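Undergrad: A single structure is presented below for examination.
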Amino acid sequence: MARPQEAVIADGPISRIEWVEEQLRTALLNGELAPGERLLTAQLSERFQVSPTPLREALHRFAGEGLVEFIPQRGARVAELSATDSRELTELRVLLEPACVVHALEHPSDTWVAAVASSAADLTAALGARRHVVAVSENAYRAFYATLTSTCDSVRLRRYATSVRDQHARYRAATLESLDREHLADLIGRLAAAATGGKAKPAAAAVRAEIELFAEGYAHLEGG
């Protein structure tokens with residue numbers, strides 16, 4: 001019987017590495033692999049049904065992004081969360097994300113407007129679900145921002161904003177259950193309305209407000 005991933009992984013080492021990176025990144029960002037958890041290559045190989053080589057390459061790549069730590073004589077583990085890291089990522093997002101959104105608003109289209117509205121609705125529904133699932137909300141959050149910033153014509157700005165947004169995901173996942181999700185949904189609604197209406201300043205303000213909401217929520221967790 002074919003292994004599950006064979007249907008989606010094309011032949012060749014590059015495509016296999018990319019697939020492993022996507023699966024491992026999702027597990028890291030959504031909190032499926034908890035901060036401080038050891039990342040044993042043998043266990044991960046069995047979990048994802050791949051050889052150790054692409055896993056090692058993926059772990060080293062994630063170490064460069066601050067998602068994974070290598071401990072001498074002990075191997076790899078999921079990087080711990082910290083108040084300092086949260087503040088740094090928040091500061092970077094506040095610098096990059098509004099600028100990326102403003103650039104995106106300079107190149108609207110009917111397709112983009114419809115996609116932003118749809119992804120905002122998906123995120124709002126995930127946040128308001130009776131049985132809230134953090135991973136579902138986080139996936140919808142990243143999908144919303146990917147759609148919102150897709151028309152930003154600065155490749156570097158979009159890439160850096162996405163990278164920092166992804167690194168910040170673990171703090172969002174840690175905070176979502178205790179956060180005022182109704183308020184967050186309201187901010188997302190304001191952001192989507194401002195963006196699709198071509199209103200750059202209100203859109204940028206809504207971006208900063210929702211980023212700072214997560215920062216305040218995580219700071220409360222650390223203090224509590």
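Nothing in this text is a laboratory measurement; each read-out follows from the coordinates by a stated rule. Predicted model only: the values in this text are computed from it and were never measured. Every residue, glycine as well, gets a Cβ built from its backbone with ideal geometry; the counts of neighbours run over all protein chains shown.
Undergrad: Report relative contact order for region 83-223 in percent, whole number only (criteria: Cα-Cα under 8 Å, sequence separation at least 6).
TA: After rounding, I find 40 percent.
Undergrad: Once the Cα atoms of helix 200-223 and of the chain are each reduced to a long axis, what angle between those two axes, in degrees from 0 to 90 to the nearest 10, is obtained?
TA: On a 0 to 90 degree scale, this one is about 50.
Undergrad: Which Cα, out of 196, 83, 109, lies furthest along the positive dipole direction of the chain (beta carbon charges, K/R +1, D/E -1)?
TA: 109
Undergrad: Taking θ as phi - 60°, what are the ³J(HN,Hα) couplings along region 163-173 by the Karplus curve (6.51, -1.76, 1.60), each to the nearest whole Hz, with x for Gly and Pro?
TA: Coupling constants for region 163-173: 4, 5, 4, 5, 5, 6, 4, 5, 6, 5, 4 Hz.
Undergrad: Enumerate the amide H contacts of residue 33 below 5 Å, restricted to partners 5 or more residues apart or on another chain; note that Pro and chain-start residues carry no placed amide H.
TA: 28
Undergrad: Moving to a separate point now. With the Cα gyration tensor of region 140-209 giving a ≥ b ≥ c as the square roots of its eigenvalues, does the rule (a/c under 1.5 for rounded; else a/b larger than b/c for prolate; else oblate) give rounded, prolate or oblate?
TA: On the way: a/c = 2.27, a/b = 1.15, b/c = 1.98.
Oblate, because a/c is 1.5 or more while a/b does not exceed b/c.
Undergrad: What dipole magnitude, in Debye to the nearest 20, does the chain give about its Cα centre under +1 on Lys/Arg Cβ and -1 on Asp/Glu Cβ?
TA: 120 debye
Undergrad: Given H placed on each backbone N at 1.01 Å, which residues far from residue 179 in sequence or on other chains put an amide H within less than 5 Å of it?
TA: For residue 179, whose amide H was placed from the backbone, there are no distant partners under 5 Å.
Undergrad: To continue, here is another question. Hey, what do the phi angles of region 23-36 turn into as Karplus ³J(HN,Hα) couplings, whole Hz, using 6.51/-1.76/1.60 and θ = phi - 60°, x for Gly and Pro?
TA: Values per residue, Gly and Pro as x: 5, 5, 4, 4, 5, 6, 6, 8, x, 5, 9, 6, x, x Hz.
Undergrad: Given only helices, namely DSSP H runs of n ≥ 4 each adding -39500 (n - 2.57), what is the per-residue ellipticity at 222 nm of the chain, to the nearest 500 deg cm²/dmol?
TA: Working: 9 runs with 155 residues, N = 224.
Calculated at 222 nm, the ellipticity per residue is -23500 deg cm²/dmol.
Undergrad: For the chain, take the longest principal axis of its alpha carbons; what is the angle in degrees between that and the long axis of helix 134-148, to the nearest 10 within 0 to 90?
TA: 60 degrees
Undergrad: May I pose another question? Using semi-axes √(5λ) of the Cα gyration tensor in Å as the read-out, say which of [x] 31, 21, 17; [y] 34, 23, 17; [z] 47, 21, 14 was calculated from these coordinates.
TA: Looking at semi-axes √(5λ) of the Cα gyration tensor in Å for this model, the match is [x].
Undergrad: List, in order, the whole-Hz ³J(HN,Hα) value for each residue of region 102-110 obtained from phi through the Karplus relation with A = 6.51, B = -1.76, C = 1.60 and θ = phi - 60°; use x for Gly and Pro.
TA: In residue order, the calculated couplings are 4, 4, 4, 5, 7, 9, x, 8, 4 Hz.
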